[in-house]
Amino acid sequence: KQEVTQIPAALSVPEGENLVLNCSFTDSAIYNLQWFRQDPGKGLTSLLLIQSSQREQTSGRLNASLDKSSGRSTLYIAASQPGDSATYLCAVRPETGANNLFFGTGTRLTVIP
Amino acid sequence: NAGVTQTPKFRILKIGQSMTLQCAQDMNHNYMYWYRQDPGMGLKLIYYSVGAGITDKGEVPNGYNVSRSTTEDFPLRLELAAPSQTSVYFCASSSTGTASSYNSPLHFGNGTRLTVT
C-alpha cells in the first residue's frame, strides 16, 4: 500500500528565507503528485500538479520537483512571506486504483515577520 | 465563482442520529469525492463518483452512503452516527478534460466539521 510521508511536521522561518518542504512516497507507480495548501478551517487549494513524466513545475515563487524513481518530491518556496503560513500537503495518485489519492499528513509552515 | 460548496460548516450529532452532508459544484466536473481528515492523519477517501448515477467505495466507506443523481450534487449520508465518525469531511471535484482525467487537479470545498457525542 502506498504511504506518503512529509517531514518535518512543522517549520518556522523568518520572512524572506527560501525554504524546502519534503514529500516521500513508497510506490513509484504513480500518475502524478500534487501539492496543496490548507489554511486553518479551510479546504485544500491545489498549488502544483506534476505528472509522472515531468521533473518539475513552477508557479510564481513556488517550484515543485519530482524524482519518481527515488519516491521523492520537494516544494521550494522562494522569498517566504507571512501570507505563506499554512499547512502544505502532498498527495500521489497511484497507477492502480487511480481514483484514490494518498495524502501525507502535511507540514505546518509559519513565516515570522 | 462558487467552486465546491459544502453545508453545513459545523454539526454536532448524538450517537445513533443520522444526517446528510451536502456538496455541490458548479464547474461541471464529472468526478467528485468525499474525504475525511482526522488529526495527525492524511485525508482518507470515503466514496467517489465518476459521473451521475455512478458511485464507488473508497478506502473507508463503512457507516456512510452516497448518491449522485445530478452532475452538480454529491451528498454524503451518515446513518447511526458513531464517535469514530467525528472528523472534518471534505468534498472535492475534478474535471475530465481532454487530457487524462487523472492529471486534472482536485478542487476542494471548505469542509464540514462533525462531532458525534
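A:Ala10 is checked against (1) within 14 Å of chain B (Cβ to nearest Cβ); (2) touching a Leu at 6+ places or on another chain (Cβ under 9 Å); (3) crowded, with 17+ Cβ neighbours inside 10 Å and fails just one. What number does that condition carry? With (1) within 14 Å of chain B (Cβ to nearest Cβ); (2) touching a Leu at 6+ places or on another chain (Cβ under 9 Å); (3) crowded, with 17+ Cβ neighbours inside 10 Å applied to A:Ala10, the lone miss is (3).
Residues checked against (1) modelled with pLDDT of 95 or more; (2) within 28 Å of B:Thr5 (Cα to Cα):
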{"position": "A:Leu21", "(1), (2)": "yes, no"}
{"position": "A:Tyr31", "(1), (2)": "no, yes"}
{"position": "A:Gly43", "(1), (2)": "no, yes"}
{"position": "A:Leu48", "(1), (2)": "yes, yes"}
{"position": "A:Ser52", "(1), (2)": "no, no"}
{"position": "A:Gln57", "(1), (2)": "yes, no"}
{"position": "A:Ala78", "(1), (2)": "yes, no"}
{"position": "A:Asp84", "(1), (2)": "yes, yes"}
{"position": "A:Leu101", "(1), (2)": "no, yes"}
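The set of residues from the stretch A:2-20 being touching a residue at least 60 places away in the same chain (Cβ under 8 Å) and within 30 Å of B:Glu59 (Cβ to Cβ) comprises A:Gln2, A:Glu3, A:Val4, A:Thr5, A:Gln6, A:Ile7, A:Pro8, A:Ala9, A:Ala10, A:Leu11.
Within the stretch B:43-75, the set of residues being assigned to a loop (DSSP other than H, G, I, E, B) and within 13 Å of chain A (Cβ to nearest Cβ) comprises B:Leu43, B:Gly58, B:Glu59, B:Val60, B:Pro61.
Among the candidates A:Leu89, A:Leu21, A:Leu75, single out the residue that is within 14 Å of another protein chain (Cβ to nearest Cβ) and not polar (S, T, N, Q). None of the others qualify; the one that does is A:Leu89.
Residues that are of a type in the set (Asp, Glu), assigned to a loop (DSSP other than H, G, I, E, B) and more than 24 Å from A:Tyr31 (Cα to Cα) within the stretch A:82-97 are absent altogether.
The values are calculated or read from the model by the stated rules, or taken from the named source; none is laboratory data. Small disclaimer: the values here were computed from a predicted structure and weren't measured. As a convention, Cβ positions derive from the backbone with ideal geometry for all residues, glycine included, and neighbour counts pool all protein chains shown.
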